[in-house]
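The values are calculated or read from the model by the stated rules, or taken from the named source; none is laboratory data. Everything numeric here is computed off the predicted structure, so don't read it as measured data. Here the Cβ is made from the backbone with ideal geometry for all residues, glycine too, and neighbour counts use every protein chain on show. These accessible areas exclude ligands, DNA and RNA; they are computed on the full protein's heavy atoms, side chains included. Shrake-Rupley method; radii C 1.70, N 1.55, O 1.52, S 1.80 Å.
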Amino acid sequence: MSRFRRTTARARQLWIGMRLNPVAERAAAGRADEEPDVGGGGADLPPEDPAAAVGGDPERRYVPTGLVVGAAWSWRLLIIGALLAVILYLLSQVTTVVIPVVISFLLAAMLQPPRPG
């Protein structure tokens, strides 16, 4: 594993650890003094539902994670497909112009009289 991949993986682990740390979440929400942390640093606490915490939307927790991920991938793939269609269309239009121009240059070069000397 390269150094870049190790560093990226470690940064990802640290980021996930910070996001899932209940002590940091309570401190960020200003509720650190309501529930004192007793015990093993929050290791025995059940993980919170990340879908319910995103945006504070109560309907979000009823949408399955697979559906959210599938929707995210589908709109990205639709955009990529649309871009590919536009690129292929533009290439077809460019070839309509470029091929006759190249043929005309070749004919003009071949039909010139030879230079003396």
Response to the item:
Scanning the range 76-94 residue by residue, those at pLDDT below 95 and either open to solvent by less than 80 Å² (accessible area, probe 1.4 Å) or under 12 Å from the mean Cα position of the chain (by Cα) (or both) turn out to be Ser92, Val94
Worksheet item: What number of residues within the range 60-75 are touching a residue at least 12 places away in the same chain (Cβ under 8 Å) and open to solvent by less than 70 Å² (accessible area, probe 1.4 Å)?
Response: 2
